[in-house]
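*Asks:* Sharing a structure with you now.
The values are calculated or read from the model by the stated rules, or taken from the named source; none is laboratory data. Since the model is a prediction, treat every value here as computed from it, not as a measurement. As a convention, Cβ positions derive from the backbone with ideal geometry for all residues, glycine included, and neighbour counts pool all protein chains shown.
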């Protein structure tokens, strides 16, 4: 099973979905999507992978990988039959539904939608970056190691 996303940065909402997926599936691959050769966010793909590996180290059936192409090519190459996507609201569902249907048509992979815990329903990577960039406090919304890395990145800019 794969949990795909950009995870720039990984939030406690993501971590909640990873943890719950790990309770339901024997093997979970957290797939960081994006081209590792291109800097396209706050963190590089490799930095995101390292942060995710750090915050999921307590989950023995979770691994982290990356992919820069079509998700269905990854699922086919790795014989993955299921995706898990976290949903915060109906807006996420409206965005994710056509992709899930296309992925199923292209490769037969099923997508399972998991509702986020209500305490993380408003949390997004983009919003967290914006708040930290301007000096706001997002303690409790991202893992501590991620918050420290974000602050360091913004100080360096």
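*Asks:* Going by the conditions given, is residue 26 in contact (Cβ under 8 Å) with a residue 24 or more places away in the chain, in a loop (DSSP other than H, G, I, E, B) and loosely packed, with under 14 Cβ neighbours inside 10 Å?
*Replies:* Spelling it out, residue 26 is indeed in contact (Cβ under 8 Å) with a residue 24 or more places away in the chain, in a loop (DSSP other than H, G, I, E, B) and loosely packed, with under 14 Cβ neighbours inside 10 Å.
*Asks:* So which residues in the stretch 130-157 are touching a helix residue (DSSP H, G or I) at 6+ places or on another chain (Cβ under 7 Å) and crowded, with 18+ Cβ neighbours inside 10 Å, if there are any at all?
*Replies:* 132, 138, 141, 142, 143, 146, 149, 150
*Asks:* Of all residues in the stretch 39-73, how many are in a helix (DSSP H, G or I) and either within 16 Å of residue 84 (Cα to Cα) or touching a residue at least 24 places away in the same chain (Cβ under 8 Å) (or both)?
*Replies:* 8
Here's the yes/no breakdown for (1) modelled with pLDDT of 95 or more; (2) more than 16 Å from the chain's Cα centre (by Cα):
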residue: 36; (1), (2): no, no
residue: 48; (1), (2): yes, no
residue: 51; (1), (2): yes, no
residue: 58; (1), (2): yes, yes
residue: 78; (1), (2): yes, yes
residue: 81; (1), (2): yes, yes
residue: 86; (1), (2): yes, no
residue: 107; (1), (2): no, yes
residue: 115; (1), (2): yes, no
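*Asks:* Looking at residue 80 and the list (1) surrounded by fewer than 19 Cβ atoms within 10 Å (Cβ to Cβ); (2) part of a loop (DSSP other than H, G, I, E, B); (3) touching a strand residue (DSSP E or B) at 6+ places or on another chain (Cβ under 7 Å), which single condition is not satisfied?
*Replies:* Unmet for residue 80, out of (1) surrounded by fewer than 19 Cβ atoms within 10 Å (Cβ to Cβ); (2) part of a loop (DSSP other than H, G, I, E, B); (3) touching a strand residue (DSSP E or B) at 6+ places or on another chain (Cβ under 7 Å): (1).
*Asks:* Also, I was wondering about something else. For residues in the stretch 103-113 being assigned to a helix (DSSP H, G or I) and touching a residue at least 24 places away in the same chain (Cβ under 8 Å), which is nearest to residue 79 (Cα to Cα)?
*Replies:* Residue satisfying both the conditions and the ranking: 107.
*Asks:* Quick check: is even one residue across the stretch 125-133 at pLDDT 95 or above and within 20 Å of residue 70 (Cα to Cα)?
*Replies:* No, the conditions are met nowhere in the stretch 125-133.
*Asks:* Please verify whether residue 9 is modelled with pLDDT under 95, within 29 Å of residue 156 (Cβ to Cβ) and touching a helix residue (DSSP H, G or I) at 6+ places or on another chain (Cβ under 8 Å), treating the condition exactly as stated.
*Replies:* Values: modelled with pLDDT under 95: no; within 29 Å of residue 156 (Cβ to Cβ): yes; touching a helix residue (DSSP H, G or I) at 6+ places or on another chain (Cβ under 8 Å): yes.
Here the answer is no, as residue 9 does not meet what is asked.
*Asks:* While we're on this one: Can you pull out the residues in the stretch 114-157 that are part of a helix (DSSP H, G or I), without any contact (Cβ under 8 Å) to a residue 60 or more places away in the chain and closer than 21 Å to residue 87 by Cβ?
*Replies:* 118, 119, 126, 127
*Asks:* Going by the structure shown, is residue 31 assigned to a strand (DSSP E or B), over 21 Å from residue 149 (Cα atoms), in contact (Cβ under 8 Å) with a residue 40 or more places away in the chain and touching a strand residue (DSSP E or B) at 6+ places or on another chain (Cβ under 6 Å)?
*Replies:* no
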